[in-house]
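The values are calculated or read from the model by the stated rules, or taken from the named source; none is laboratory data. Owing to the predicted nature of the structure, the values given are computational and were not obtained by experimental measurement. Backbone-built Cβ (ideal geometry, glycine too); neighbour counts: all protein chains shown. Side chains are part of the model used for accessible areas, which takes the heavy atoms of the whole protein and leaves out ligands, DNA and RNA. Shrake-Rupley method; radii C 1.70, N 1.55, O 1.52, S 1.80 Å.
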Amino acid sequence: MDENNTILKNDDSLYERVEYDPAEEVGEIVKSNQLRRMWYSYRKRKVAVLGLGIVIVYILIAIFATYLAPFDPIKQDLGNMLQTPGGEHLLGTDEVGRDLLSRLIYGTRISMRIGLQTIVIGFCFGTPLGLIAGYFGGKLDMLIMRAMDVLLSFPQMLLAMLFTSVLGTSLDNAILAVGLCNIPRFARTARSETLTVRGSEYIEAARALGAKNGRIITSHVLINILSPLIILATLNFGNAIITCAGLGFMGIGAQPPTPEWGAMLSNGRQYLLIAPHVTTITGLVIMFLVLGLNLMGDVLRDVLDPKQKD
Amino acid sequence: MIKYICKRVISLLPVLIVVSMLVFLVVHLMPGDPARIIAGEMATEEDVERIRTAYGLDLPLYRQYFNYMRGVLKGDLGTSTRTHRAVSEELAIRFPKTFQLALWATFVAAVLGVGIGILSSSMRYSVLDNVVSFLALLGLATPPFYLGLMCILFFCVNLGWLPISSDVARIALILPVASVSARSLAVIARMTRSSMLEVLGQDYIMMAKAQGFSNRKVVFGCALKNAMTTVITTIGLQFGVLLGGAVVTEKVFGWPGIGDYLVTAIKARDFMVVQSTVLVIALSYVIVNLIVDLLYALINPKIKLS
């Protein structure tokens, strides 16, 4: 602040702009700003619908995978290897003649499971830890948060790899590993939100009415800190899908022949030069889902958490 | 400042100790008897027992931990149970490669991300701002290894501009760095934009503008330094994401880093390799974040007082 003032004092060009009528200019700026803002919030709403739409399409595909998939996602057909899109196989086939479209459709189911389960693990363990730490404070708070800090001092991918090395390489273990990595994030958010809520008057009122700590935490604190946790969950959903796909890509996540997108990318990589469609399409499918989730998360943040509005 | 640095470095020690304990413990929860893995399928009971005593695997866990840490402090990271080669030898070649990739990616993501974020925030709601926001969202949704594959497909195969394999040619660093950094670039650009917008909405900026300062002076003279505080923390955290991204993306480019080494070790349950590799990576991450914290203190004097 001090620095700014000195800059102001030393500047000679201070009164240059007062030559014309400032009111007119200001009026115009305000008007165009308002228009732009309206357009912006309108567009925001459209973006929200777009994000939600994308996610709903994926959810529907995941639910009705068995009806939508034209072929068996696992059955090999060596006579039809690496066919290009079009014809009988709409999106072509992979290196052992499996229908790519069917594999992608079943993969949607797997990715939805990855997202949901990792979030559930993170939420179910992280939130209570954060609530307890924030609500009771003191030594317990310090203990819990130090433990969370230790988990956060690993790059997430590496922590997930460390856990898979213990659990063994499979899809379920990859999900468990990524879910465990989510715990400190939920704990942190829950704790910091609890701290802001803890001193509120309605908490005091509840206490004055004789509510026990357990009741206050579940029916007053938790309810009021849910929205930032929901935002965190939405934004982490896509992140978890990308991390799990990474594990699958490295061969330490889902194992063949599971139609998991990361593992499919890994297979497609070997045929990148002769059959680029396998990799290209699979990656686009991941991108669109994560894009939809992020769009939704962004808008949710604006709607649920006006504090963080840009 | 020196006092602050000392304080931070000392406060790092307990974190490092707990991190090493965690890695050690988690790895020792691995199913399977390490002595039997080392001895191999054909070994007799006697051989397994001999190996157990030779490697100190019969000692209680805390003794094993102390033995291991004593070795680590001397630079001995144990021996691979699969190849019987020293882990430190292997890591000495491979880790710098991964670190280099992650560091370059952090550098690119930080410089471009902050630059683009500033540009985007100073032209709020313009076409450029919209394009940047859209690209950032797209970047955020792209797995780094997929971007790497697409880069190879486009630049190496379709256009034939760059060599596919990344042996010596320095130019080949471009594609790995670009694909690893893209997601973090998006994160940093978004962060810079929103934090700049927040600062630009403050009263003292309004004041400076009202007094007729040029836009450039307001942005670079008053707003940037204040907006940077949150961004710098983000950059430090992104380094971890980029380390992870580098490990995954290495496979795409045949980059001779730790990715392949670690994955093979995980599959073969080569516990010493997993333990030491993860420890080294966590260490580098913690140290980079310490440096970031110190930088943060450098531009934000308030930190030092508390």
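Before moving on, here are some points about what is shown:
- Candidates B:39, A:136, A:50 compared by Cα position along the dipole of the protein assembly as shown: farthest toward the positive end lies A:136, with charges placed on Cβ.
- Extension gain for the segment residue B:159 to residue B:36, taken as residue separation times 0.36 nm less the Cα-Cα distance, is 39.1 nm to one decimal.
- Counted by Cβ distance under 14 Å from residue B:76, the other residues give a net charge of +1, where Lys and Arg count +1 and Asp and Glu count -1.
- Among the DSSP helices (H) of chain B, those spanning at least 27 angstrom by Cα along their long axis with an average Kyte-Doolittle hydropathy of -1.0 or more are B:2-28, B:87-122, B:174-200, B:224-253, B:271-299; this is a geometric and hydropathy rule only.
- Given in Å, the Rg to one decimal and the Dmax to the nearest whole number for the Cα atoms of the range A:60-104 are 10.2, 32.
- Only the Cβ atoms of Lys and Arg (+1) and of Asp and Glu (-1) were treated as charged; on that basis the dipole of the range B:5-99 about its Cα centre amounts to roughly 720 debye.
- For the protein assembly as shown, a crude dipole built from +1 on the beta carbon of Lys and Arg and -1 on the beta carbon of Asp and Glu, taken about the Cα centre, is about 1060 debye to the nearest 20.
- Surface burial for A against B, with a 1.4 Å probe and both sides summed, reaches about 5200 Å² of accessible area.
- Computed [θ] at 222 nm, deg cm²/dmol, the protein assembly as shown (DSSP H ≥ 4; -39,500 (n - 2.57); rounded to nearest 500): -24500 deg cm²/dmol
- The range A:243-278 versus the range A:93-150: alpha-carbon centroid distance in Å: 21
- Just so you know, the Rg over Rh for the range B:54-108 is 1.15, from Cα atoms, with Rh as the Kirkwood radius.
- The convex hull drawn around the Cα atoms of the range B:97-268, when projected onto a plane and averaged over every direction, covers 11.4 nm².
- Sites excluded, trypsin sites (Lys or Arg not before Pro) in DSSP loops with at most 13 other C-beta within 10 Å, longest stretch of chain B: B:86-306
- Across the range A:64-72, computed HN-Hα scalar couplings (Karplus, 6.51 cos²θ - 1.76 cosθ + 1.60, θ = phi - 60°) run 9, 3, 5, 7, 7, 5, x, 10, 6 Hz from first to last residue, x flagging Gly and Pro.
- Tail fraction, Cα-Cα pairs, the protein assembly as shown, threshold 46 Å, whole percent: 22
- Given R0 = 22 Å, the distance between the Cβ atoms of residue B:260 and residue A:274 translates into a calculated FRET efficiency of 0.40.
- Fully extending the segment from residue B:229 to residue B:57, taken as 0.36 nm per residue of separation minus the present Cα-Cα distance, adds 57.1 nm.
- Rounded to whole numbers, the Karplus 3J(HN,Hα) couplings from phi for the range A:99-110 are 5, 5, 4, 4, 5, 5, 5, 5, x, 4, 4, 5 Hz, using 6.51 cos²θ - 1.76 cosθ + 1.60 with θ = phi - 60°, and x at Gly and Pro.
- Paramagnetic reach from residue B:203 (point 7 Å along Cα→Cβ, amide N under 19 Å) across the range B:221-237: B:222-223, B:226-227
- Whether chain B is rounded, prolate or oblate, judged on the alpha carbon gyration tensor where a/c under 1.5 counts as rounded: oblate
- Basic side chains Lys and Arg get +1 at the Cβ, acidic Asp and Glu get -1 at the Cβ, and with that the dipole of the range B:97-268 about its Cα centre reaches some 260 debye.
- Leading residue at positive end of dipole, the protein assembly as shown (Cβ point charges), from B:20, B:298, A:71: B:298
- Residues residue A:46 and residue B:111, FRET efficiency given R0 of 35 Å [Cβ-Cβ distance, rounded to 0.05]: 0.60
- Extension gain for residue B:214-residue B:286 works out to 21.8 nm (0.36 nm per residue, less the C-alpha to C-alpha distance).
- Pairs of Lys residues in chain B, spaced 8 or more positions apart or belonging to different chains, with C-alpha separations under 16 angstrom: 9 in total.
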